[in-house]
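The values are calculated or read from the model by the stated rules, or taken from the named source; none is laboratory data. No experiment lies behind these values; they were computed from the predicted model shown. Note that each Cβ is placed from the backbone with ideal geometry, even for glycine, and that neighbours are counted across all protein chains shown. Ligands, DNA and RNA are stripped out before the accessible areas are found, and what is left, the full protein with its side chains, is counted by its heavy atoms. Shrake-Rupley method; radii C 1.70, N 1.55, O 1.52, S 1.80 Å.
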Amino acid sequence: QLILLHDGPIPEELHRAIARRRDHRTMIRETPERFNDYGHSLRQIGLNMLAKGLVPADWVVITNGDNYYVPGAVEGMLAAVRETKYKAAYCNMIHNYWSWQNIRSCLTHGEIDCGAVMVAREIAIDAGWRAREVAADWIYIRDVLERIGPQAFAKVDRSFFIHN
């Protein structure tokens, strides 16, 4: 299931592009006006939709329009958490902030972007998206960590996520 939330009315050319690729697994919503807050309000809207049962999901990956995933990313992350004690999984990533380096993500140094993390639905809803500053992605991960601890995270030692 993909929830596509657009910050402000969707331009006509984007409507056409979405219509060409639409399938039953994609839910599209737009806001009446732009929030201009790096997409943080949209992320909380998406979590609220999950909390209200408007979207069927067991696991949540919060992402952005400038994030890319290698083929098999979802399956690889799901394999790490399915039928285990883990409540979240994270993977390595390639990040343009560090000159396109392959980052061996780790929880202890905060070197982890929310797009590289899959979290159980209930935990994601409980943590919410409270911050609005640029580093809100890492604050979200910190909030998830406070709820479940690092021992509840499975580490997938592959680069599934690319942040542009």
Yes/no for Glu75 being in a helix (DSSP H, G or I), under 26 Å from Thr26 (Cα atoms), among the charged types (D, E, K, R) and open to solvent by 20 Å² or more (accessible area, probe 1.4 Å)
yes
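Any idea how many residues of the range 81-91 are in contact (Cβ under 8 Å) with a residue 12 or more places away in the chain and surrounded by fewer than 20 Cβ atoms within 10 Å (Cβ to Cβ)?
Adding up the residues that qualify gives 3.
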Tally time: how many residues in the range 7-52 are surrounded by 14 or more Cβ atoms within 10 Å (Cβ to Cβ), basic (Lys, Arg) and either under 14 Å from Gly65 (Cβ atoms) or free of Cβ contacts under 8 Å to residues at least 12 places away in the same chain (or both)?
1
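Here is a yes/no grid of residues against (1) outside any loop (DSSP other than H, G, I, E, B); (2) of a type in the set (A, V, I, L, M):
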{"site": "Asp37", "(1), (2)": "no, no"}
{"site": "Asn48", "(1), (2)": "yes, no"}
{"site": "Thr63", "(1), (2)": "no, no"}
{"site": "Ala79", "(1), (2)": "yes, yes"}
Going by the conditions given, is Ser41 modelled with pLDDT under 90 and either under 13 Å from the mean Cα position of the chain (by Cα) or of a type outside the set (A, V, I, L, M, F, W, C) (or both)?
no
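Filter the range 100-111 for residues that are at pLDDT below 80 and on the phi < 0 side of the Ramachandran plot; which is most open to solvent (accessible area, probe 1.4 Å)?
Among them, the one singled out is His109.
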Return the residue satisfying two criteria in turn: it lies in the range 112-135 and is under 18 Å from Ile162 (Cα atoms) and touching a His at 6+ places or on another chain (Cβ under 9 Å), and of such residues it is surrounded by the most Cβ atoms within 10 Å (Cβ to Cβ).
Ala116
Residues of the range 121-149 satisfying the condition of being of a type in the set (Phe, Trp, Tyr) and in contact (Cβ under 8 Å) with a residue 40 or more places away in the chain
Trp129, Tyr140
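Across the range 53-63, which residue is most open to solvent (accessible area, probe 1.4 Å) among those that are of a type in the set (A, V, I, L, M) and within 20 Å of Trp138 (Cβ to Cβ)?
Of everything passing the filter in the range 53-63, Val61 is most open to solvent (accessible area, probe 1.4 Å).
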In the range 128-164, residues that are outside any helix (DSSP H, G or I) and either under 28 Å from Pro71 (Cβ atoms) or modelled with pLDDT of 90 or more (or both) total 15
Any chance you could count how many residues in the range 4-27 are within 28 Å of Glu75 (Cβ to Cβ) and modelled with pLDDT of 85 or more?
3
